[in-house]
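Encoded as structure tokens, the structure appears first; notes follow it.
The values are calculated or read from the model by the stated rules, or taken from the named source; none is laboratory data. All values derive from a computational prediction rather than experimental measurement. All Cβ positions, glycine included, derive from the backbone under ideal geometry; neighbour counts span all protein chains shown. Ligands, DNA and RNA are stripped out before the accessible areas are found, and what is left, the full protein with its side chains, is counted by its heavy atoms. Shrake-Rupley method; radii C 1.70, N 1.55, O 1.52, S 1.80 Å.
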Amino acid sequence: MDVPEARPPIPAGQRASWDPRSQPCIPAVDLDGATAHHSLREVFNRADDLAALDCTSPGETVAVIEYLLAICFASGTCPSSDDDWNAWILGQIPLAPAAVWLLKQPADSWDLFHPTHPLAQNSDLSEDLRKSGTGTAQLVIEHSGDYNQHFDHHHLERDNPLPAADAFRATLTQHVYGPYGRARMSGGKLGAKVTNLAAGRLTGRIRVVALGETLGETLRLNLYPPDGPGKPLNTSWTTSVLEQRRFEEKRKPRAPRSSADLHSVLGRSVLLRPARGPHGQLMVDRVLIGAGEVLDLDPARHLQDAVYSTTTNGVSKPLWPSPSRALWQQAHALYGAVNDGRGGMYARLRSLLPYRRPEPEGADTETQQGAPYHLWAVGLLTNKTLPVIWTHGAYPYAPGMAAHLYRASRRGSDIAEYLARTLKNAAIVAAETAFPAMRAADEAGQVARLDARYDFWPAAEDPFLKLLDAVIDRGFEDNDPVSAPLVAYALQLMITARTRLLQLLDTLPPGDRYNRARSRAVRLFEEAVYSDRAPAELRGETALD
């Protein structure tokens, strides 16, 4: 198959220029639900008039938040202490000074297509871009595959130019979430190690972002007393105040020099080639990606949002994306981090005083309920070097209710786990009874066709989220806002599990043996959910914990 001819670049003698400080590049939703793109300066000037970002993926949203935080730290628009952070949250301190700071920065430092120091890129790749550049699929994590997904790389050559704004955000996402692997370039000019792509700073772990009711509140919640306030961020590889790595030998990870550096680190060497679109708009038609910076991170200082979990080998590490365990099943770990004395972001959230949102005169009280904040967990699930899917979930948080939410989420997860194990055991009994002569090689398949867990788990997530909402609606003033919602949740999940089990058992053909299989599986399920070993809530009781 012929490779499409690349769109011609900007003609010689002409120079493209695109500045995200003034160009619409950040998609956001305002408080009325309308969506629009805003420049970086507009984002900071209107932060409290915008409800949230509206990016194309959870990972891109996190990457943009990281970059906005970096600008806040570089401009000194950040709290100076934990007590000051509380004042920022309660006083809703404006973020407009960051916009003023941006206006004062040299224009050349913020030009996405500058010939020698393009924004967030490495111009040293220019010669290799001419030889090895590909279509824009390489830039977008969701499109790039692992470069071996199509053995002839034809998908990477497809002529699919990106608008400059989209390419800018995709570049930020690569810096943060790029998976490990091999770069599609020779490395002859810069050094062989430019082809060794290390995993991005947030790849392989769950990033937790505290969400407020406006974008401004979200940024304030995630700011913190920084290392080196006012120190510059990384605008380009070739203009960094810190000497950037070379690629002749393996790079020794370096410590971040400031919070602005941490949140804007160039985790990839990227170079974009500008082109004109059909209406004269600036696009990107060719890209190249090589190795970037590697950081030596101090968990206490640089992973303040991390929630730790233990592997099967007994190793404690930041919570990671799992192909077999949905994020909501780990929500109790987030609430536990707030509740158990952890420092960093969780200690600051714990320090917020409980409050109730003021109710306008004559307003329906039901409309005034709900969580003021959410803990949003985001991760990139990969299969070795192949990105698979973004996994994410938002879990409500109200000051003063961490202990209640931890209990509800932990018990809620335990109840779901118990029902899932019971469904598996029922499937095993049904398969052994229905197919007594099945070969060992066929056993897994016969059990799987009767295993209702695969339908149960997706159906259990929404009741779990409603459980957390119900706890918050009862409020911290209730002595026990958890027990009654937990019993109602357990009943709903039990009905769901029973229904899913019966639906699969009904697929067995008629006959005495299959009737016995159905009867034995149902009896096992009923005995298990009402036994003394079952979570108390399944029996309509309150757990004493």
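Below, the figures for the structure above:
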{"item": "Odd one out for Leu162 among (1) open to solvent by less than 10 Å² (accessible area, probe 1.4 Å); (2) within 25 Å of the chain's Cα centre (by Cα)", "result": "(1)"}
{"item": "3 or more residues of a type in the set (Gly, Ala, Ser): qualifying helices (runs of 4 or more DSSP H) within region 93-193", "result": "96-104, 164-177"}
{"item": "Pairs with Cβ under 8 Å, 6+ apart, first in region 112-131 and more than 15 Å from Asn234 (Cβ to Cβ), second open to solvent by 40 Å² or more (accessible area, probe 1.4 Å) and in a loop (DSSP other than H, G, I, E, B)", "result": "Phe113/Arg15; Phe113/Ser17; Pro115/Arg15; Glu127/Lys189; Asp128/Ser186; Asp128/Lys189; Lys131/Ser186"}
{"item": "Qualifying residue in region 269-284 (condition: in a helix (DSSP H, G or I), at pLDDT 95 or above and either farther than 21 Å from Gly133 by Cβ or over 25 Å from the mean Cα position of the chain (by Cα) (or both))", "result": "no"}
{"item": "Test: Asp451 is modelled with pLDDT of 95 or more, outside any helix (DSSP H, G or I) and within 31 Å of the chain's Cα centre (by Cα)", "result": "yes"}
{"item": "Filtered residue count, region 184-215, keeping only those that are open to solvent by 40 Å² or more (accessible area, probe 1.4 Å), under 19 Å from Glu127 (Cα atoms) and either at pLDDT 95 or above or of a type outside the set (A, V, I, L, M) (or both)", "result": "6"}
{"item": "Lone unmet requirement of (1) closer than 27 Å to Gly145 by Cα; (2) touching a helix residue (DSSP H, G or I) at 6+ places or on another chain (Cβ under 6 Å); (3) surrounded by fewer than 22 Cβ atoms within 10 Å (Cβ to Cβ) for Gln304", "result": "(1)"}
{"item": "Residues of region 508-544 classified as more than 23 Å from Thr433 (Cα to Cα) and surrounded by 17 or more Cβ atoms within 10 Å (Cβ to Cβ), total", "result": "5"}
{"item": "Filter result (under 17 Å from Asp473 (Cα atoms) and either of a type in the set (S, T, N, Q) or buried (at least 21 other Cβ atoms within 10 Å of the Cβ) (or both)) within region 397-411", "result": "Tyr397, Ala398, Met401, Ala402, His404, Leu405, Tyr406, Arg407, Ala408, Ser409"}
